[in-house]
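Below is one structure; the comments refer to it alone.
The values are calculated or read from the model by the stated rules, or taken from the named source; none is laboratory data. Computed from a predicted model, the values in this text were never measured in an experiment. Virtual Cβ from ideal backbone geometry, glycine too; neighbours counted across all protein chains shown.
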Amino acid sequence: MPRRPRTAQDRLVDRPDHALVGIVRIPVHLTSPYRAIGRRVLGATAALALSVLLVYVDRGGYRDANGDGMTLLDCVYYATVSLSTTGYGDIAPFTPSARLVNVLVITPLRVMFLIVLVGTTLEVLTERSRQAFKIQRWRHKVRAHTVVVGYGTKGRSAVAAMLGDGVEPERIVVVDTDQQVLDAASALGLVTVHGSATRSDVLRLAGASGATSVVVATNRDDTAVLVTLTARELAPTATIVVSVREAENVHLLKQSGADSVVISSETAGRLLGIATTTPSVVEMMEDLLTPDAGFAITEREVEREEVGGSPRHLADIVLGVVRAGVLNRVDAPEVDALEPGDRLLYIRHVSA
């Protein structure tokens, strides 16, 4: 059976914002349910007080069934039965005590019933509208962010490293097909997109065309190749970093447009081998790769007073110099004298 050609309605980027609720999720600040109910009760009380005030100011225009003038209690009673949609029935309290009981006991119970019955539905509708508005605003302003494809062990570690380096959570967009891991990412304040990153419209929805970097941390190497090809087509200038399991697939990722390829299996294997003889070396390397505390490898521009000097004579422990996009070791003769525009890879101390 021939495949049906994809229409414009199938493309996620062409859908209206309200149709993307559930696919794109913008983090929201969760509040206590008691606080949410308290706000509703306060709002209802404020509305009731305003209604009582309006009726009391114009009490000369109201009469009860007995033709008497309106007292303050009458105004409260009238506002109460009006706002609670009770209206006037064939049985109505007419003594002050009965009306007081209606105001203090019956009406609060009726309001609580309305909150339980209608509150959840209104909250869902309000949340969908709020999410649609957030999605619309986010799609118009998202630029210079990082797209992380895959939020498994490698993706979570990559996000943790970026957050440790000071990247704002709203500058990270996670793409995955597992809703549970997306919920975990959203709990950290990250924007999430539910879908397969092998589809170009999913990456477009994640704003890949305006991203400065794309991290591909999928579980399969063939998937990583396809995602890299799609990402490079959408983002020609973005830095694409890919994780693969097998070294034999590195050249495929390079040809697909990856700027940097990390071989997860070989890197882990080397660390395991080193740990058998010098476990302290592995511990130090873990410390260098963890930006939260201890030591960390970072990058900065050469300062004006450092130009012309040797990177080996600086106060910082310099590991390498990036010049014209090329990384040179600190002892390379090409970078023995620092030039304007150079960037230093050095070890810095991070306070806990």
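Some observations on this one:
- Evaluating residue 146 against the criteria (1) surrounded by 14 or more Cβ atoms within 10 Å (Cβ to Cβ); (2) closer than 23 Å to residue 225 by Cα; (3) in contact with a Gly (Cβ under 9 Å, 6 or more places away or on another chain) leaves one unmet condition, (3).
- Condition check for residue 192: in the same structural domain as residue 217 (by TED's automatic domain parsing), without any contact (Cβ under 8 Å) to a residue 12 or more places away in the chain and either of a type in the set (Ser, Thr, Tyr) or farther than 16 Å from residue 242 by Cα (or both): no
- Some residue of the stretch 169-192 being out of contact with any strand residue (DSSP E or B) (no Cβ under 9 Å at 6 or more places or on another chain), over 14 Å from residue 159 (Cα atoms), in a loop (DSSP other than H, G, I, E, B) and not aliphatic (A, V, I, L, M): no
- Entirely in the stretch 204-278, the helices (runs of 4 or more DSSP H) that have 3 or more residues that are assigned by TED's automatic domain parsing to the domain that holds residue 190, closer than 28 Å to residue 190 by Cα and touching a strand residue (DSSP E or B) at 6+ places or on another chain (Cβ under 7 Å): 221-234
- All conditions but one from (1) part of a helix (DSSP H, G or I); (2) aliphatic (A, V, I, L, M); (3) at pLDDT 85 or above apply to residue 284; the one that does not is (3).
Residue-by-condition table, conditions (1) more than 39 Å from the chain's Cα centre (by Cα); (2) of a type in the set (Asp, Glu); (3) farther than 27 Å from residue 159 by Cα; (4) assigned by TED's automatic domain parsing to the domain that holds residue 166:
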{"position": "280", "(1), (2), (3), (4)": "no, no, no, no"}
{"position": "287", "(1), (2), (3), (4)": "no, yes, no, no"}
{"position": "297", "(1), (2), (3), (4)": "no, no, no, no"}
{"position": "305", "(1), (2), (3), (4)": "yes, yes, yes, no"}
{"position": "312", "(1), (2), (3), (4)": "yes, no, yes, no"}
{"position": "325", "(1), (2), (3), (4)": "no, no, no, no"}
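- The residues on offer are 343, 348, 312, and the sole one that is surrounded by 11 or more Cβ atoms within 10 Å (Cβ to Cβ) and either aliphatic (A, V, I, L, M) or at pLDDT 90 or above (or both) is 343.
- Failed condition for residue 168, given (1) under 19 Å from residue 134 (Cα atoms); (2) touching a residue at least 60 places away in the same chain (Cβ under 8 Å): (2)
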